[in-house]
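Below is one structure; the comments refer to it alone.
FYI, it's all coordinate maths here, none of it is from the lab. Quick caveat, the model's predicted, so the values are computed rather than measured. Positions of Cβ are backbone-derived with ideal geometry, glycine not excepted, and every protein chain shown enters the neighbour counts.
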Amino acid sequence: MTSGKFALAALVAAGAVAAACGTTAIARQDREALITPEAKGVAQTVTAAELAAWGRERRDPGALVMAARLLAEVPMREGQAGDPGAGFLTPEALMAEARALRPGDEELADALDEIVVTGSRVASGAVAPAAPSAALRGVADSPFGAGPVSTVKQLRARERWGFEVNARAGEVLRVAAIGDGDTDINLMVLDERGRAVCTDGFGDHYPVCTIAPRSGGKMRIDIVNRGAVWTKVQVLSN
């Protein structure tokens with residue numbers, strides 16, 4: 001199989017995942033809300049996580065190639081201070097998984113060599129690189145700084161963890177909590193009155209919520225480890 005055929009197989013796999021998955025929780029939105037490149041990046045990261053899980057179940061390196069390609073396009077911050085390790089869902093990690101499925105496969109190696117990590121990796125606490133939407137990132141501030149947010153948290157069995165963000169008015173806010181696959185993860189977004197405006201508890205380890213608060217303001221992100229063992233969760237928001 002040539003590298004081009006690997007890419008074609010990966011695209012077929014991506015289509016299968018898109019048809020089989022798609023359990024994204026979406027709250028009622030303002031149709032005029034702006035969807036920034038950062039918000040689209042969160043959605044693309046979740047797609048990569050779903051595709052990677054699909055590929056692992058079927059031991060399909062082509063799916064992992066496509067997942068790595070999708071993830072390589074998304075800018076992310078490096079792990080925040082105090083995190084239990086850097087993010088585990090990375091293009092490099094997915095490429096290593098693909099290689100492990102077909103060690104010594106030169107055609108697979110060629111397909112992986114074509115992947116270029118174009119997304120900027122921003123050091124924790126640093127200002128994100130300038131972009132056309134630099135002033136429009138969904139999160140004006142959070143415990144991790146202004147958006148985009150990327151942090152990793154280790155959760156004990158049944159543990160609930162959360163934090164507050166200040167969302168920008170008139171802009172889509174997208175939040176994802178991607179687990180390492182050991183347990184199911186629940187995600188909830190609450191407004192400043194404590195009312196749930198979005199919940200994703202579909203029984204998987206990559207829940208995502210998309211909302212568009214017209215007035216912006218404080219929102220609380222709650223994440224729950226539904227399993228009986230500890231797990232790592234990579235939390236992303238624009």
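Beyond 15 Å, what percent of the Cα pairs of region 172-238 remain?
Cα-Cα pairs in region 172-238 separated by more than 15 Å: 47 percent.
Tell me, how many Å apart are the Cα centres for region 173-201 and for region 147-172?
8
Over region 132-207, what per residue volume does the convex hull of the Cα atoms give, in whole Å³?
On the way: hull volume 8.6 nm³, N = 76.
Enclosed volume per residue, from the Cα hull, is 114 Å³.
Express in nm, to one decimal, how much length is gained between A169 and E106 on full extension, taking 0.36 nm for each residue of separation and deducting their alpha carbon distance.
Full-extension gain reported as 17.7 nm.
Which order, highest average first, do 192-204, 34-46 follow once you tally other Cβ atoms within 10 Å for each residue and take the mean per peptide? Provide the component values of the computation, followed by the final result.
Working: 192-204: 14.7, 34-46: 20.9.
Taking the mean over residues of other Cβ atoms within 10 Å, the ranking is 34-46, 192-204.
Please compute the length gained on full extension between W161 and E32, using 0.36 nm multiplied by the number of residues separating them and subtracting their Cα-Cα distance.
Extra length from W161 to E32 when fully extended: 43.3 nm.
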